[in-house]
Every structure is written in structure tokens, then in C-alpha cells.
Amino acid sequence: METIQLGFPPLTTAVFIGLALAALLLDMVTHQDDKPITLANASIWSIFWIAISLAFAGFLYFQHGSEVASLFVTGYTLEKVLSIDNLFVFMAIFAWFKVPDNLRHRVLYWGIIGAIVFRGIFVAIGTGLLAFGPWVEIVFALIVAWTAVMMLKGGEEDTDEDYSQHIAYRFAKKLFPVWPKLYGHNFFVKRDKLETEVQKSENKGMSLPVKGALFATPLFLCLVVVEVSDILFAFDSVPAVIAVSREPLIVYSAMLFAILGLRTLYFVLEALKRYLVHLEKSVIVLLFFISAKLTLNATDHLFHHGISIQPNTSLLIVLTVLTIGILASVLFPEREDTQAVNQ
């Protein structure tokens, strides 16, 4: 584990908060309508978010040196890569709920807001737990390794899932009565509006429960499932980024800037997923690498063997494994008949 002491320097903290808030505001203002996001548009925005993140990395370089900047970029890249598998799950969730293309970015926006909040909580807890000693790092290493093993096994299984049995779905249905059809882009609909809806011919046979002034739509149920799924994903991504540095500001800023670009990255991956067939293998390799790094950090504290992986080395390994996964997907694509069998 890196021993650099950054803390929360006022200027760096202010720049981070200011840049993050400005980025969120810009994203909110520029994506207010319900139009589908094209691949070209999503690609341009993805490049923009990467540029914003590299700008903050450049600020860290000039303000705190190359080591801090390297730790940030490594953590950012890890969170970005690990989020790819999460986005593939989101695609399956959207397909199950039959969410139209023009409404998916709305669910992703609010899902990302929730991810930013919960990542902050998990980072505070995770970095705080490290104060209890190297055994916490060993626990983190086991969590990350277990995730990699589950991903390996998952590749051999049917990925279809009935999300009506998801814990978040069932909990949301207990909290609110549900209107079974989409109602524009609304997450909730008032009873008086639905009383008009049930009188329409296409809704013949449908009725409203006796109680309930506010009804959840399938879009809200989808959002809840996406949010809880992301929280579960955080149990492996947070320890992975903490393996890079135990400094909360580095960890959280790396994760936040990676998360900010996920909404547009989703639409890029949705268009290119059939071509990135080996990218998940890169994610699995990186998870095993992070598990090994955490184990080395812990055992060095316990037994003082002196073996460690430097920040620049970690960054090089992460970028190399990611590049190999992308190149392998280009050079050795799966055949169409194989994809049809898998589907």
C-alpha cells in the first residue's frame, strides 16, 4: 500500500469539488430531453469526460507530483474498466424491463447520482477500516478474488435473470402500488391521472387498488434494480481502487470521475458490445492482479518481505491488460454462430 500522505489540501479539494459539480451541472443541462443518444454523440461525450479526468490528473501532477497523478490515473482506469461489466448487466436490466432507448439515459443519470453518493460512503468506510491493520487488506483481497472467480463461472452459465425476483424490485413493490405500464418518462404517477388512463380502450380490464395516491411506474422499478445492482458491484470495485491508494481523496476522485462518464460510455458499449468479446477476460485478469497487490501489501506489513508494486508499474499493468483485451477482441472476434449459441 502506498505510504504517500495527501490528506485533503484545501486547493485540491476545492478544484475537485468545483470540477465535479460543474461536470454534473453540464451533464444535467445538456441531456434534458428524451431523445436516443447516438453512437457518435456518446463517443464525443465519452472523450470529453476522459479529457476532464486527465485535466484533473494534470492538476494533481503539477500540484502534488507524478506519483499522486499516477495513483489517480490508475484508480480511474481500474474503476472505468471494472464498470464495463456493470454496464453489460444494466443492458440486460433495460431489456427485461423493456425500457425504450430514449429513456435509458434518464435511468442512468439518476442511477449515477446514487452511485456517486454510495461510493463516497463506501470509500469512507473502506479507507477507515484499513486503520484496523493488514488483515483488512487480506479480506479485501479475498473479496476481489471471489468476484473474479464468480465472473469466470458466470461465463459458462445462462445470464438470463427474472428481475421480478430481485430484492430491490420486491422491496419497491411493497413500498408503492405499481402501474404496470410506462407513463412518459415519469417514475411516479398520481392517482387522478391514472383514473383517466384506466378508462382508455387500450387499458380495458385494468383497475387501480383501493389505496394509494402515488403509483410507481416500471421505470422506477428499473431504476431501483439498477441502483441496488450498482451498490453490490461497489463491493468489489471499492476494494480494488483502495488497493491503489488508501488516500480517500485519490480513491474517491478517481471513482467519481470514472462514474461521471458511465452514462455515455453505456451507449458506446451497447453499440460495440458484439465486438468487445474478450474485454471481460481483461477485467478478470485485473481483478486477480488487484487481489495479488492487496495480498502483497498486507503480507509486507505482517512479514516485512519488502515486495511491492509501484504506482507506475500498476498503471502500466492495468493499461497493458486493457489494451490486450481490446486487441484480442479485434484480432480474434467470436464467430456469429458461436454468439448465437451463447444468446
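Each reported figure results from applying straightforward, stated rules to the coordinates on display, with no laboratory input. This is a predicted model, so every value here is computed, not measured. Backbone-built Cβ (ideal geometry, glycine too); neighbour counts: all protein chains shown.
Just a few scattered comments:
- With the charge dipole of the chain set up from +1 on Lys and Arg Cβ and -1 on Asp and Glu Cβ about the Cα centre, the Cα lying farthest toward the positive end among the listed residues L60, L294, L103 is that of L103.
- Given charges at beta-carbon only (K, R positive; D, E negative), |dipole| of region 74-152 in Debye: 280
- Packing here is the average count of other Cβ atoms within 10 Å per residue, and on that basis the peptides 278-289, 218-229, 16-27, highest first, run 218-229, 278-289, 16-27.
- Sequence ranges 187-198, 85-96, ranked by mean other-Cβ count within 10 angstrom, highest first: 85-96, 187-198
- For the chain, adding -39500 (n - 2.57) for each run of n ≥ 4 DSSP H residues and dividing by the number of residues yields -24500 deg cm²/dmol at 222 nm.
- C-alpha long axis of helix 66-97 to longest principal axis of the chain, angle in °: 20
- Sequence-separation-based contact order of region 121-257, relative, with Cα cut under 8 Å and 6+ spacing, percent: 36
- Counting only alpha carbon atoms, the long axis of helix 262-272 and the longest principal axis of the chain meet at about 80°.
- Among the listed options (1) 39, 23, 16; (2) 28, 26, 20; (3) 38, 23, 20, the one matching semi-axes √(5λ) of the Cα gyration tensor in Å as calculated from these coordinates is (3).
- Net charge dipole size for region 153-263 [Lys, Arg +1 and Asp, Glu -1 on Cβ; Debye, nearest 20]: 720
- Fully extending the segment from N102 to L25, taken as 0.36 nm per residue of separation minus the present Cα-Cα distance, adds 25.7 nm.
- Summarising the label geometry, the points placed 7 Å from Cα in the beta-carbon direction at T320 and L152 lie 2.1 nm from one another.
- Karplus-derived 3J(HN,Hα) values for region 185-192, using 6.51 cos²θ - 1.76 cosθ + 1.60 with θ = phi - 60°, are 9, 6, 7, 9, 9, 6, 4, 4 Hz; glycine and proline are entered as x.
- Assigned charges on the beta-carbon of Lys, Arg, Asp, Glu; the chain dipole about Cα centre (debye): 920
- Relative to the longest principal axis of the Cα atoms of the chain, helix 218-242 runs at roughly 10 degrees.
- Peptides 163-172, 61-70, 135-144 ordered by packing proxy, namely the average of other Cβ atoms within 10 Å per residue, highest first: 135-144, 61-70, 163-172.
- With a cut-off of 17 Å on the backbone N, the residues of region 109-151 near the modelled label site 7 Å out from I231 along Cα-Cβ are 110-126.
- Derived scalar couplings ³J(HN,Hα) [region 316-324; Karplus, 6.51 cos²θ - 1.76 cosθ + 1.60; whole Hz; x for Gly, Pro]: 4, 5, 4, 5, 5, 5, 5, 4, 4
- Each of M150, M255 was scored by other Cβ atoms within 10 Å of its Cβ. Arranged with the fewest first, they read M150, M255.
- Per-residue ³J(HN,Hα) for region 285-298, Karplus 6.51 cos²θ - 1.76 cosθ + 1.60, θ = phi - 60°, Hz, x for Gly and Pro: 4, 5, 5, 5, 4, 5, 4, 5, 5, 4, 5, 4, 4, 5
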